[in-house]
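Read through the structure below, which is laid out as structure tokens, and then see the notes.
Read-outs throughout are calculated quantities, based only on the coordinates presented, and are distinct from any laboratory measurement. In this text, all values refer to a predicted model and were calculated from it rather than measured experimentally. Here the Cβ positions follow ideal geometry from the backbone for every residue, glycine too, while neighbour counts run over all protein chains shown.
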Ligand SMILES: *Cc1c(COP(=O)(O)O)cnc(C)c1O
């Protein structure tokens, strides 16, 4: 087993039941992704459309791609034909654009073996940094109450995503993930009580995934803990 494969196996042993691992491979070369693939990792997270587009044809067809970074409207058409899930939907406009492109690019998705509908997560802003994207819990409720999102027939809203503040203060991180979990529960009860697809809580990265799992996370997104430091 290589060092990278040991890291993956160590992380797997720490995952709670039912929690899935997205290996965040942004800025890492394809050789490292193949190393992870060789020990059974199928799910990879990328945060830049161009890099994703370059990597997809270099990996086996059963690799599952998740887009986790801030997504600009004009890049949606590059991402939709190749991804299973977009974690970072932070506006109604972006949601509508994903729906539109998923309809236009349906055949490309089907040819790639992907389900017709794109799974998306709505990104919550719970961190203290002003720089992180996403809806506040109030903005999210407002957006859902408005109801326009219900016209999106080519995507599936599968849950919420968030990032905690980048801090050593584990209590603060815990507090933020609990806010996210509470928001998930409220939104599920209020808008998705008849929709079993709304079931994912994507929180937890290298430094905080254990706390995230204590707060109901179902997907963790781990980069440096697997691949080492990123070279920008
Ligand atoms: C880079 C990134 C990660 C992974 O971060 P690590 O600290 O390397 O585990 C997770 N989520 C998002 C949205 C990211 O951009």
Can you find a residue in the stretch 134-155 that is buried (at least 17 other Cβ atoms within 10 Å of the Cβ), more than 13 Å from the ligand (Cβ to nearest atom) and under 30 Å from residue 29 (Cβ atoms)? no
Considering residues that are more than 17 Å from the chain's Cα centre (by Cα) and within 16 Å of residue 84 (Cβ to Cβ), the number found within the stretch 1-44 is 2
Among the numbered conditions (1) in a loop (DSSP other than H, G, I, E, B); (2) over 21 Å from residue 210 (Cα atoms); (3) more than 13 Å from the ligand (Cβ to nearest atom), tell me where residue 18 comes up short. (2)
Kindly evaluate residue 191 against the criterion of being over 18 Å from the mean Cα position of the chain (by Cα), buried (at least 18 other Cβ atoms within 10 Å of the Cβ) and within 24 Å of residue 103 (Cβ to Cβ). yes
Residue tally, condition touching a helix residue (DSSP H, G or I) at 6+ places or on another chain (Cβ under 6 Å) and either away from the ligand (no atom under 16 Å from the Cβ) or not in a helix (DSSP H, G or I) (or both), over the stretch 166-196: 3
How many residues does the stretch 48-71 hold that are under 20 Å from residue 161 (Cα atoms) and more than 15 Å from the ligand (Cβ to nearest atom)? 1
Filter the stretch 1-19 for residues that are surrounded by 15 or more Cβ atoms within 10 Å (Cβ to Cβ) and in contact with a strand residue (DSSP E or B) (Cβ under 8 Å, 6 or more places away or on another chain); the one that is farthest from residue 219 (Cα to Cα) is 8
Has the stretch 197-207 got any residue that is within 13 Å of the ligand (Cβ to nearest atom), surrounded by 17 or more Cβ atoms within 10 Å (Cβ to Cβ), within 17 Å of the chain's Cα centre (by Cα) and assigned to a helix (DSSP H, G or I)? no
